[in-house]
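The values are calculated or read from the model by the stated rules, or taken from the named source; none is laboratory data. Since the structure is predicted, the reported quantities are computational estimates derived from the model, not experimental observations. Cβ: placed from backbone, ideal geometry, glycine included. Neighbour counts: every protein chain shown. For the accessible areas, the whole protein counts, side chains as well, though only heavy atoms, and no ligand, DNA or RNA atoms are used. Shrake-Rupley method; radii C 1.70, N 1.55, O 1.52, S 1.80 Å.
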Amino acid sequence: MSEKLPVVHLARHGQTAWNLSGQHTGLTDLSLTDRGERNARRLAKRLQGLSFSKVISSPLQRAMRSCELAGFGDRAEIDRDLLEWNYGEYEGRRAEEIHTERPDWQLFRDGSPGGESPQEVGARAGRAVNRVIEIKGNVLIFSSGHILRVLTARWLALEPTGGKYFFLSTASLSALSYEHNLFQPVIELWNDINHVIS
């Protein structure tokens, strides 16, 4: 194939206060910490020289601000399917607290009471993937950790539960693409944080 295969870059937003404390942050619209802003700016340098046919972001301010600081705010289109997992009753709670009540709870298997199931998040991620694969050229997506993990599972034609295997750090960059043709989706780069300042 003479034409270069497209790449979908995934940028997780910079750090928030709840990332730092380990609290589940779904639809609570938190701003970035100072460190989160610094690392989102460093994404600009990491992405320098790459071209994108489309830039897409979650509407949450942590993703939009990361997109803006990385230099793509003026180009970003909002996609509500890229909202983070709705954690329902577990919003703002740490996994350790939840496990005292439900020791065997696993987000990617059980979802959250009053929030979304893995299948519901998988459906949103699947819709986003279907739109992205129709775009000619490279794409850059800014969003949150768990939805990007489920999106990656759907990219690879895995069930949404497969997202549990794809850890993502804040302000990380990952890339999804294809091996030989458009029928062989792969992960090209995962959880690159070489640009991040601790």
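In order along region 110-117, the Karplus-derived 3J(HN,Hα) couplings, from 6.51 cos²θ - 1.76 cosθ + 1.60 at θ = phi - 60°, round to 9, x, 9, x, x, x, 9, 8 Hz, and Gly and Pro are given as x. Site-free segments of the chain were taken between GluC sites (Glu not before Pro) in DSSP loops having at most 11 other Cβ atoms within 10 Å, sites themselves excluded; the longest one is 4-133.
Here region 47-132 is treated with +1 on each Lys and Arg Cβ and -1 on each Asp and Glu Cβ, and its dipole about the Cα centre works out to around 400 debye. Solvent-accessible area of the chain (1.4 angstrom probe, protein heavy atoms only): carbon and sulfur portion equals 49 percent. Computed from point charges on the beta carbon alone (+1 for Lys and Arg, -1 for Asp and Glu), the dipole magnitude for the chain about its Cα centre is near 620 Debye. The residue among L5, S21, S169 whose Cα reaches farthest toward the positive pole of the charge dipole of the chain, with charges on the beta-carbon of Lys, Arg, Asp and Glu, is L5.
Separation of region 20-62 and region 138-168, taken as the distance between their Cα centroids, equals 16 angstrom. If you plug the beta carbon distance of R102 and S21 into 1/(1 + (r/R0)^6) with R0 = 22 Å, you get a FRET efficiency near 0.65. Heavy atoms of the protein chains alone define the surface here; on that basis region 41-198 has 48 Å² accessible area per residue at 1.4 Å probe size.
Here's how it looks for L5: its modeled amide H is under 5 Å from none belonging to a residue 5 or more places away or on a different chain. Number of Lys pairs in the chain with C-alpha atoms less than 24 angstrom apart, excluding same-chain neighbours closer than eight positions? Number of lysine pairs found: 5. Please identify which residues in region 156-198 have an amide N closer than 20 Å to a label point set 7 Å out from the Cα of I135, following the Cα→Cβ vector. It comes to 156-157, 171-179, 181-192, nothing else.
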